[in-house]
Amino acid sequence: MRVPLKEIDALHHSEFEFAVRDLMRRDGFEAERFGGAHDDVCDVRGVDADGRI
């Protein structure tokens, strides 16, 4: 599915983070969205098939 850049730009920051997570999962990563205090500025974390973060 293609989404125009204009629509991506209009996403709320949390919606954008979920969209990034979903794209990473689509591409074979184990991905989770993080958030809140003490998240080390990591909003989405992906791990590839070799265990690399």
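Here are the numbers:
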quantity	calculated
Contacts under 7 angstrom Cβ, first residue in the range 24-46 being at pLDDT below 90 and open to solvent by 80 Å² or more (accessible area, probe 1.4 Å), partner among the small types (Gly, Ala, Ser) and part of a loop (DSSP other than H, G, I, E, B), 6 or more apart	none
Qualifying residues in the range 1-29 (those that are hydrophobic (A, V, I, L, M, F, W, C) and in a loop (DSSP other than H, G, I, E, B)) - the one nearest to the chain's Cα centre (by Cα)	29
Those residues of the range 30-41 which are over 12 Å from the mean Cα position of the chain (by Cα) and either among the basic types (Lys, Arg) or within 26 Å of residue 52 (Cβ to Cβ) (or both), in sequence order	36, 38, 39, 40, 41
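The values are calculated or read from the model by the stated rules, or taken from the named source; none is laboratory data. Source: prediction; values computed, not measured. Because the Cβ atoms are built from the backbone with ideal geometry, glycine has one as well, and the counts that use them run over all protein chains shown. Heads up: the accessible areas ignore ligands, DNA and RNA and are worked out on the full protein's heavy atoms, side chains in. Shrake-Rupley method; radii C 1.70, N 1.55, O 1.52, S 1.80 Å.
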